Every structure is written in structure tokens, then in C-alpha cells.
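Note sheet for the following structure.
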Amino acid sequence: MISQLGDALLPVVFLIVAWAVAFVALSFRHKSRAFRHAERMAALDKGMELPPEPVQPTLGPKAHLLRGLIWLFIGMGISIFFLSLRLATKENNELFAVATLGLIPMGVGIAHLVMYRLDTRAAPPAGVTGR
């Protein structure tokens, strides 16, 4: 009886924790933006120069390469995990269908790698000037 209750509550607890984490992250981001807005409004009221906006770091041209490799290997890991689980149990044929879920992150990874390849082709090498 207790095992059945625990199996039923596990998805509910997982969803509650996921919503709580998302709520806390969004509330911190909102408070940060509200503080920055209040700071800028106070500077305008006093006639002071506005403080500069915080600079967002740029990842550069290799960002697509890194993201592509991460997504590709996550997808491969998911697929390999479920395929090996299917081979180990030998009776559950639905695990092959679940293993195809790894194709989704693999597709995202391949798209990032294609974008990396296209970006590096379009950009001229450093130090070369076109005439």
C-alpha cells in the first residue's frame, strides 16, 4: 500500500519542485530588473547621468560548436541508455520507441553544428582584409 502511494506521489512531488525552482528563478530575475529600473529612475530624478547597462558576455563564434556538441552527446547518451536497457531486459519492446526520443536533442545538436559550420564559412579569417 505504501509503495503504491509513493509511486503515485512521485510525479506530483517532482512537478511541485520543478514549479518551485522555476518560480524562485523568475522572482530573482524580476527583483534584479526592478532594482535596476529603480536605480535608473532615481538617477533620472536627480539629474545624474544614467549608469551604463550591464554588458552581456558574448560567447563568440564557437558557441554553436559547444552547444552542438553538448546537445548531440546528450541525445546519443539518451538513445544508448534506452537501447542498452532494452537489450538487457529482452522483453520490453517499447524501450526501442523510447530510445528514439534521443533523436530530438541529437537534431538540435546537429542544427547547432551546421550553424557553426555556416558561420565559420561566412566569416573571413582574422587579419584578412577584402579589397
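Sort out which residues of region 28-58 are of a type in the set (A, V, I, L, M, F, W, C) and either under 30 Å from residue 118 (Cα atoms) or in contact (Cβ under 8 Å) with a residue 24 or more places away in the chain (or both), and write them in order of number.
In the first step, residues of region 28-58 are kept if they are of a type in the set (A, V, I, L, M, F, W, C); the result is 28, 34-35, 38, 41-44, 48, 50, 55.
Across region 28-58, the qualifying residue is only 55.
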Query raised in the report: residue 21 passes all but one of (1) open to solvent by 100 Å² or more (accessible area, probe 1.4 Å); (2) in a helix (DSSP H, G or I); which number fails?
Result: (1)
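Given the structure, is residue 113 loosely packed, with under 12 Cβ neighbours inside 10 Å, at pLDDT 85 or above and part of a helix (DSSP H, G or I)? Give the derivation first.
Numbers: loosely packed, with under 12 Cβ neighbours inside 10 Å: no; at pLDDT 85 or above: yes; part of a helix (DSSP H, G or I): yes.
Answer is no for this residue.
Tally up the residues in region 58-108 that are farther than 23 Å from residue 120 by Cα and part of a helix (DSSP H, G or I), please. Break it down into steps so the answer makes sense when it comes.
Within region 58-108, the subset farther than 23 Å from residue 120 by Cα is 74-104.
Filter again for part of a helix (DSSP H, G or I), leaving 74-89, 94-104.
Selection size over region 58-108: 27.
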Query raised in the report: Do we have any residue at all in region 35-51 that's open to solvent by less than 60 Å² (accessible area, probe 1.4 Å), within 30 Å of residue 109 (Cβ to Cβ) and either of a type in the set (S, T, N, Q) or assigned to a loop (DSSP other than H, G, I, E, B) (or both)?
Result: no
Query - Residues satisfying the stated conditions in region 59-98, i.e. in contact (Cβ under 8 Å) with a residue 60 or more places away in the chain and over 18 Å from residue 113 (Cα atoms) - result: none
Query raised in the report: Out of all the residues in region 82-104, is one or more open to solvent by 60 Å² or more (accessible area, probe 1.4 Å), in contact with a Gly (Cβ under 8 Å, 6 or more places away or on another chain) and not small (Gly, Ala, Ser)?
Result: yes
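The values are calculated or read from the model by the stated rules, or taken from the named source; none is laboratory data. Nothing here was measured: the structure is a model prediction, and the numbers come from that model. Reconstructed Cβ throughout: ideal geometry from the backbone, glycine too, with neighbour counts over all protein chains shown. SASA here: full protein model, heavy atoms, side chains in, ligands and nucleic acids out. Shrake-Rupley method; radii C 1.70, N 1.55, O 1.52, S 1.80 Å.
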